[in-house]
1. Hey, any hits in region B:129-148 for a residue that's under 30 Å from A:E112 (Cβ atoms) and of a type in the set (D, E)?
2. With the condition being surrounded by 13 or more Cβ atoms within 10 Å (Cβ to Cβ) and more than 15 Å from the chain's Cα centre (by Cα), I'd like the strands (runs of 3 or more DSSP E) fully within region A:101-168 carrying at least 1 qualifying residues.
3. Just the residues that are more than 9 Å from every other protein chain (Cβ to nearest Cβ) and either farther than 19 Å from A:T97 by Cβ or touching a strand residue (DSSP E or B) at 6+ places or on another chain (Cβ under 6 Å) (or both), please, taken from region B:192-218.
4. Here are the criteria: (1) buried (at least 17 other Cβ atoms within 10 Å of the Cβ); (2) under 30 Å from B:L198 (Cα atoms); (3) out of contact with any Cys (no Cβ under 6 Å at 6 or more places or on another chain). Tell me which single one A:L29 does not satisfy.
5. Filtering region A:44-103 down to residues that are farther than 22 Å from A:S20 by Cβ and among the basic types (K, R), which residue is modelled with the highest pLDDT?
6. Filtering region B:180-191 down to residues that are facing chain A (nearest Cβ under 8 Å), open to solvent by 40 Å² or more (accessible area, probe 1.4 Å) and more than 21 Å from A:L159 (Cα to Cα), which residue is nearest to the chain's Cα centre (by Cα)?
7. Considering only residues that are modelled with pLDDT under 90, more than 7 Å from chain B (Cβ to nearest Cβ) and under 18 Å from B:L205 (Cα atoms), which ones fall in region A:129-145?
8. Looking at this structure, is B:S177 within 14 Å of another protein chain (Cβ to nearest Cβ), closer than 30 Å to A:V96 by Cβ, polar (S, T, N, Q) and surrounded by 10 or more Cβ atoms within 10 Å (Cβ to Cβ)?
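The values are calculated or read from the model by the stated rules, or taken from the named source; none is laboratory data. Please read all numbers here as calculations on a predicted model, not as lab measurements. All Cβ positions, glycine included, derive from the backbone under ideal geometry; neighbour counts span all protein chains shown. The area values use the complete protein model at the heavy-atom level, side chains included, leaving out ligands, DNA and RNA. Shrake-Rupley method; radii C 1.70, N 1.55, O 1.52, S 1.80 Å.
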Amino acid sequence: MSKAVKIEKPESIKIPPLISGQNDISRILLELEAVQADFESQKVKQQITELITPPISRRLNEVLDLNRLKITSPGHVSYLIANLRMIKQKAPVVHVTFAKEPEAVVLAKLVEWVRDNLHPQALVNFGVQPGIIGGCVFRTPDHIYDLSFGGKLRSSKSLLVQKMGAIK
Amino acid sequence: MINKGAGVETRFLIIGAVIFGFLLLIIILFLAFGVGGKKGTNKATRSKKELAESYEKIIQNDMYHVFGKEFQEELRNKARLDFQRVINENAMFLQQDLRLTTSGLNDYMKNEISSKLEEEFSAYKQTIKDVEKMAADSITATVTASQKLQDELNQRILDETETRKAQIIDSFQEHMSDVAQYYITQALGEEIDLKDQLPYILRQLESQQEAIRKDMWL
């Protein structure tokens with residue numbers, strides 16, 4: 001019934017910029033698992049050759065298109081679930097903090113840069129901290145790169161003190 | 001001549017009267033003892049005894065019966081005078097002794113009191129001197145201690161002031177960047193667009209790219 005799916009490089013599954021962090025991966029996985037369960041249910045209930053496709057989200061659709069996979073194929077679904085689980089568990093994760101809620105375009109460009117320059121399957125989590133004023137704080141599991149305006153101000157404190165000391 | 005003859009006659013008369021009287025006394029005594037003794041010796045003896053007994057009785061009843069009232073009065077006056085005299089003499093002696101004693105006592109008391117007062121005054125003077133010396137020493141010590149305390153207090157105040165000043169400066173310097181950051185955040189935080197910041201962020205990331213890759217073991 002289900003045909004074997006021909007996948008050239010299963011490990012090199014691509015993730016669209018819309019799916020940035022672990023939460024997005026989890027949502028996709030839930031959706032895929034629901035589809036998979038639905039397929040199993042249909043199989044048990046009736047003998048059909050063509051499975052009925054349930055409605056899927058835009059993000060899942062982008063993942064499928066980007067990787068040339070079909071939702072109607074249980075093999076593709078299983079393959080995607082396995083890879084996404086692996087990505088969720090083992091892909092490098094970075095955390096980026098902005099001063100305010102970032103727009104989707106900004107997030108997408110930042111995720112693109114991370115996946116182009118660091119790792120193609122890297123996951124990027126986002127946070128908001130108004131105290132950093134501007135820029136961002138880029139955090140890896142072991143290090144914090146303070147690229148914010150607030151950090152610039154703190155690092156330039158000696159300059160501020162020097163200027164204030166010059167006032168008489 | 002006539003007076004001289006009268007004086008001689010007077011003398012003879014006196015001498016003669018004396019002799020006559022003497023003889024008369026002898027006769028009386030003779031008649032009283034000589035005749036009575038011959039007529040009844042027993043009677044006389046008895047009468048004597050009786051007289052003695054009666055006399056004893058009288059004496060027992062009235063011890064002054066033997067003397068006459070006048071004689072008694074005279075004796076009483078004489079005794080009174082003698083007694084008065086003795087009392088006066090003794091009073092005089094007593095007065096003299098008393099005066100001497102009083103005088104001596106006064107001198108003794110004067111000397112004693114003077115010496116005691118001198119001793120007390122000298123002790124009092126010495127005490128006053130000691131107290132003055134102690135007071136002066138105490139005042140000196142107090143002044144020295146207060147001066148030392150004041151110096152220490154001044155030094156402590158200076159140190160505290162310097163420390164507090166340094167703390168205030170440190171605190172100001174420590175929080176100055178926070179103040180500036182807060183000011184900028186409040187003034188511009190919502191105005192800075194992330195799209196405008198994106199080129200800056202990407203430039204910063206590219207400058208840190210190698211470090212990030214090493215850090216992530218990529």
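1. Filtering region B:129-148 for residues under 30 Å from A:E112 (Cβ atoms) gives none.
Taking every residue of region B:129-148 in turn, none turns out to be under 30 Å from A:E112 (Cβ atoms) and of a type in the set (D, E).
2. Numbers: elements: A:123-128, A:135-139, A:144-148.
Result: A:135-139, A:144-148.
3. B:E210, B:K214
4. Every listed condition holds for A:L29 apart from (2).
5. A:K70
6. B:L188
7. Listed by number, the residues that qualify are A:I132, A:P141.
8. Numbers: within 14 Å of another protein chain (Cβ to nearest Cβ): yes; closer than 30 Å to A:V96 by Cβ: yes; polar (S, T, N, Q): yes; surrounded by 10 or more Cβ atoms within 10 Å (Cβ to Cβ): yes.
So B:S177 passes the test.
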